[in-house]
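Have a look at the structure below before the remarks.
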Amino acid sequence: MRQMRQIWILLGWVILPMGMSWAQTSQEPPLLPSFPGLPGAAPNPASQPPPLGAPPPSSGLPGLPGGSPGGLPGFPGGSTSEPPLAGSGGGIPPVGPRSMRDSGDPKLANKDPGPSNLGATNPAPSFFPVDPPFPQVLLRTRVAGIASPNEEVTYRINLNNPTAAAAHQVRVRQSLPNNGKFVRSTPSPTSQDGELVWQLATMEAGATKEIVVVFLANGNGDLDSTARVSFEYGQSVKTRIESALQVRTGGPQSILVGDTFTLVTEVAHAGSAPLDEVTLTQTLPLGVEFLNSKPSTAGDSPLVWRLGKLQSGETKRIEIQLVAKKSGPIETVATVTSGTQKREANLRLVAGQVSLELTKGGPDRRAVGRPATYFITVANKGTSAATNVKISHKLDPNIELLSASGGGANQGGDLKWTLPTLGPGQKQTVTFVLRALRAGELKSRTEVVADKVSAGLQAEKSTRFESPKGLMVELDKVTDPVLVGEQSAYTVRLLNFANQPYTAAVVAVTLPEELQVVDARGQTAADRKGQRVVFAPLSSVTSGVQPTFTVYGKATKAAEARIRVEVTATELGANPILFEEGIKIQGTEPPQLNSPGNAGGPVGAAVFPGLSN
């Protein structure tokens, strides 16, 4: 007759965040006692196993609020942990004096911090520590309640980490039953010396694992086996030791070459006992000239101030007056010492430069009484914005102003514009149209001034105004100058001031090699052959009719070039009209800073790089 014994199902779970766990059957007392010091420990709810099928207990510690993520009473939870030890989630504020930015002393708290970008030494953090969530590993063992002698009995050990933290060095142990023989397991045990042991390393947050163990019942006694789990959890913390000696240094937000500016360095004592023999050393930045300091010191680099004794809560302020001599970074290091204490503060400013370029374009030839359009372009190729840019063009009494763009206005015989700001890399073009009242050579001059520019820029353009007679040619430009890579249009216009028509008129336009032909349109069909465009003959050009022919070109190379126009007609015979117009093609690369520019170059291309050495 088969004898049957009931085998109690063993349940286990963790009660300590340090990885100490216990499992209990109906006969075995708990391996660890409850902890009456924790809230809710008597009776200890963790001392009783949950019923089969019940949900797992809260992932927080018994009696502690919050579950997972959780924390100690009075501290917020929700930080992260790191294997194999968990960090504190931000650290604990250092014990001792605060930094200058967070000083409790009214003398320091009410002290003017100086310029807005003072570079202070790192202040101590002022916040509460946040504990990471505590891991927990739940263990449940499932096995058949009844088995026969010489029958294989399968144990299923289920592990679960329901928390938001990883459990490290997870270790499962299972005792060997007296009336059974170990057959196999998945995975295989790490050790079988007196008990079965599995080293499972780390169980990540939310991870589950299963161990399947098979024993052979070799007698008539019950199989009695206990499974236990343990793991590791810890926290790493760090205390930063800060000196009571503090230093910070700063300067203006914006500097231009030629500016006189002030560096401010403050030395403070946030400790309790006085500091003796306090010395401040500050490097003199490259590209600047030392003027003076308060308190005074020699102008040799490094600058040195022997400040003597510094009382608790006292701050000493040093002001250094300098002149920026070249563009680029301005870097300085302030070092304060007292005995073995030493603190440093670094500061990096940038001296910018305004580099303006002025160009002027317009027609080379024009008939008296015909409108002539002029272009004035101001470009900033420096590293800082130009402000209050003023353009002024002197009006000749023998011309008539027809229009001006961009708010230009005639002010006492001068045509003027104001550009509030011209940023680095920006350019602004204004135009004006005038009409000559008599024939002759007109030289028009334009001047530009701006803040932080010691001398103005000048550019000139000459136009020969001719008395209207016979058949004449005009060339209009959309823009002048044109940048490399840009396209522009050049329109030829025929004007008949004679009393007779001109028949079979042919217009041919030749662009320079630096201005690639891309299209052509006109009163008649265009025939493109390389850089030369020939338009089909016009049957007749009469007085009052102004036929136009436009050629479109793309600038490919910087150059001072010329456009050539040739006009033939029956009435002109062997004397065609030959007409040339200058065109300036500019490159897109900015000029080198601190260079003298090309102010001595051709008229209409003056360059002034701001204040240079």
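FYI, it's all coordinate maths here, none of it is from the lab. Only a predicted model underlies this, so the values are computations on that prediction, with no experimental measurement involved. Cβ sites come from the backbone with ideal geometry, for glycine too, and all protein chains shown count toward neighbours.
Arg445 to Ser301: FRET efficiency via 1/(1 + (r/R0)^6), r the Cβ-Cβ distance, R0 56 Å, to the nearest 0.05?
After rounding, the FRET efficiency stands at 0.75.
How high is the FRET efficiency between Lys427 and Thr556 when r is their beta carbon distance and R₀ equals 25 Å, given to the nearest 0.05?
Efficiency for this residue pair is about 0.80.
Would you mind checking which residues have amide H under 5 Å from Gln426's amide H? H placed 1.01 Å from N; only 5 or more apart, or other chain.
Excluding prolines and chain starts, which carry no amide H, the hits are Asn380.
Roughly speaking, what is the stretch gain from Leu291 to Asn179, that is 0.36 nm per residue apart minus the C-alpha to C-alpha distance, in nm to one decimal?
Once the chain is fully extended between Leu291 and Asn179, it gains 30.6 nm.
Give me the one-decimal nm value for the distance between modelled label points at Thr239 and Asp193, 7 Å along each residue's Cα-to-Cβ direction.
4.1
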